[in-house]
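Written below as structure tokens is the structure these notes are about.
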Amino acid sequence: MVQVYTDHDLALSSHAILSIFIPNVGPLAPGAAPEDVKPFPVEFQFPPTINSDNRKGNWLETDLPGREPEAVYQNSGAREITLRWTYIVDAVDNGWTTSKIAKQVHTLRGYFATVRSSSDHRKLLVLFRYGLFGGKESTSARIRSIDVKHGDTMIIPPGKPEEAFPLRTDVTLDLRLWNKSPKVDLRDLIEITPEWY
């Protein structure tokens with residue numbers, strides 16, 4: 001039986017943008033360099049949730065006897081966003097099949113493996129947007145960590161045991177916004193606007 005999704009869930013899921021860049025693994029287009037990358041838009045079956053959205057400042061503090069410490073502001077830390085979502089196999093032919101979900105998960109887990117040298121920063125670029133957690137346009141981000149948890153039940157499409165995959169998969173991404181910096185020569189980074197503070 002195919003899962004029925006509400007209009008509300010479909011609207012939220014389609015509005016969320018999480019696009020990572022992966023190496024071109026197929027035949028190269030004429031004039032394309034082997035290091036070219038292409039965007040991979042992550043698809044959400046259900047609306048993702050943001051469970052934490054933090055930022056902190058770094059202070060130089062000096063303790064004083066009988067008083068509050070003297071504090072001098074030094075700099076700010078990164079905005080830390082925890083994004084979570086779930087996949088559930090709901091079809092064997094069309095829809096959220098084991099193969100479709102596995103492709104999303106494998107591509108995300110391969111994020112760190114695409115970089116083979118310190119000059120590959122472009123392959124680590126993530127474009128992100130979701131509701132009013134930031135601006136109306138996508139911004140640059142990077143993935144600090146990815147955590148994938150699978151349920152115990154395995155689904156086997158009829159006659160295809162090689163396409164077995166868990167019924168439920170939960171993905172958690174620890175994202176950091178990524179601003180332009182003189183230390184990283186990355187022309188594709190988007191300058192963070194005040195809506196993303």
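Computed from the coordinates by the stated procedures, all read-outs in this text should not be read as laboratory data. Everything numeric here is computed off the predicted structure, so don't read it as measured data. Note that each Cβ is placed from the backbone with ideal geometry, even for glycine, and that neighbours are counted across all protein chains shown.
Among beta bridges identified by DSSP and lying wholly in the stretch 41-188, the antiparallel ones come to about 100 percent. Taking amide H positions as modeled 1.01 Å from N, with prolines and chain starts lacking one, the residues under 5 Å from R79 and 5 or more places away or on another chain are L177.
Cβ-Cβ distance of E191 and H150, R₀ of 30 Å, FRET efficiency by 1/(1 + (r/R0)^6): the value works out to about 0.20.
Model label points for T114 and D174, set 7 angstrom from Cα along the Cα-to-Cβ axis, are 2.1 nm apart. Counting neighbouring Cβ atoms within 10 Å and putting the fewest first, the residues F44, F112 line up as F112, F44. Shown in residue order for the stretch 67-81 are the 3J(HN,Hα) couplings computed by the Karplus curve 6.51 cos²θ - 1.76 cosθ + 1.60 at θ = phi - 60°: 9, 5, x, 6, 10, 10, 5, 9, 6, 9, x, 6, 6, 10, 10 Hz (x for Gly and Pro).
Ordered by the count of other Cβ atoms within 10 Å of each Cβ, fewest first, L189, L18 give L189, L18. Here the Karplus curve 6.51 cos²θ - 1.76 cosθ + 1.60, taken at θ = phi - 60°, turns the phi angles of the stretch 48-63 into couplings of x, 10, 9, 8, 8, 8, 10, 8, 9, x, 9, 10, 8, 10, 10, 5 Hz, with x standing for Gly and Pro. Full extension of the chain between S14 and N51 yields a length gain of 11.4 nm, computed as 0.36 nm times the residue separation minus the alpha carbon distance.
Computed from the C-alpha gyration tensor, the three semi-axes of the ellipsoid equivalent to the stretch 53-100 are 52, 10, 5 Å, from longest to shortest. Backbone amide hydrogens, once placed in the peptide plane, bring R144 within less than 5 Å of D174, L175, R176, excluding anything fewer than 5 places away on its chain.
A simple spin-label model places pseudo-atoms 7 Å from Cα toward Cβ; at E80 and H106 they are separated by 3.3 nm. If you take the beta carbon distance between W59 and E162 as r and set R0 to 41 Å, what does 1/(1 + (r/R0)^6) give as a FRET efficiency, to the nearest 0.05? For R0 = 41 Å, the calculated efficiency reads 0.15. Counting beta carbons within 10 Å around each of L10, L108, L83 and listing the fewest first gives the order L10, L108, L83.
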